Structure formats: C-alpha cells, structure tokens
Amino acid sequence: MGGIQRHQRQMDDFRAAINECGFKDLGYNGPDYTWCNMQEGERRMYLRLDQVFATLDWIDHFKEARVHHIVESTSDHCALLLLDSLAPQPSRKRRFHFESMWTRRGDCKDIITTAWNSGINLSSPNGMALGLK
C-alpha cells in the first residue's frame, strides 16, 4: 500500500523463479503488511516484504504449519514466526508513536530524562525498548 509500483518484469521474473522451484506461499496470520517506512501522510508505505515459501512435499509433511506476523514495537518489520502446530494467536500490540504535542507539557523533559537515566543499558535493542517504554 503506497509507494511506487515495481516493474512488471521484476514481478514476472520473481513469480517464474517461485514456480520453477515448486514453491507455494504458506500464507500468514496477523497484519497484512510486514514493513512500514514510518513516513507521514502520503509518503507512508506498507509492504509485505517477508513471506514463507515451501514445497508441496514439505507442506504435506508439516500439515499444521502456520506463519504468524509478529508486531514488535521496536522495529519497522514484523517478525515471522513459523509454528508446526496450531497455536494461540499472538496478542496484537499497538506500535508506540511519539506525539509532538507531549513536548508542550511542563514535565515532559523531566519524564524523558528520568527514563533515560534509570540505569537501563541503552546499547542493546531490549534496553532501548525498555527506555522507550
């Protein structure tokens, strides 16, 4: 959704490669798109960049396999989770978006300073996620 269209030849070549290998798309559960460019307004794009393919033999062997798009608030990509059995749907969390209007609050700077100076290791993805939380 959004963005420029890919050249038809690129798409045809990709489909031909998939067909030549005998791959089938396993589908997915979860959000329709696996990536967002995080731009505002008309420049925002959503794409399903990530897919899981398998051969018919593999699909016959793993009949219950399911692909889940997992939303992670610290990334612009959804993680893909491939399970070989039926599993409960992962909870859908909303991605955190900073609102510029919050900076008008008098205590905004103090809240941010306290969060960043709380002793969390901000050099790791988990630490950064905790700091943003």
Pairs returned, first residue in the range 10-21 that is touching a residue at least 40 places away in the same chain (Cβ under 8 Å), second residue that is among the aliphatic types (A, V, I, L, M) and part of a helix (DSSP H, G or I), beta-carbon separation under 6 angstrom, 6 or more apart or interchain, are none
Taking the range 30-46 and keeping only residues that are part of a strand (DSSP E or B) and either exposed (fewer than 14 other Cβ atoms within 10 Å of the Cβ) or of a type in the set (Ser, Thr, Tyr) (or both), one is left with Tyr46
Name the single residue, out of those in the range 89-110 being surrounded by 10 or more Cβ atoms within 10 Å (Cβ to Cβ) and in a loop (DSSP other than H, G, I, E, B), that is modelled with the lowest pLDDT.
-> Pro90
Go through the range 53-76 and count every residue that is more than 30 Å from Lys133 (Cβ to Cβ) and assigned to a loop (DSSP other than H, G, I, E, B).
-> 4
Sole residue being touching an Asp or Glu at 6+ places or on another chain (Cβ under 6 Å) and among the hydrophobic types (A, V, I, L, M, F, W, C), chosen from Leu56, Leu49, Leu26, Leu80 = Leu80
Residue within the range 35-54 that is at pLDDT 80 or above and over 15 Å from the mean Cα position of the chain (by Cα) present = yes
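The values are calculated or read from the model by the stated rules, or taken from the named source; none is laboratory data. Here the structure is a predicted model, which is why all the values come from computation and not from measurement. Positions of Cβ are backbone-derived with ideal geometry, glycine not excepted, and every protein chain shown enters the neighbour counts.
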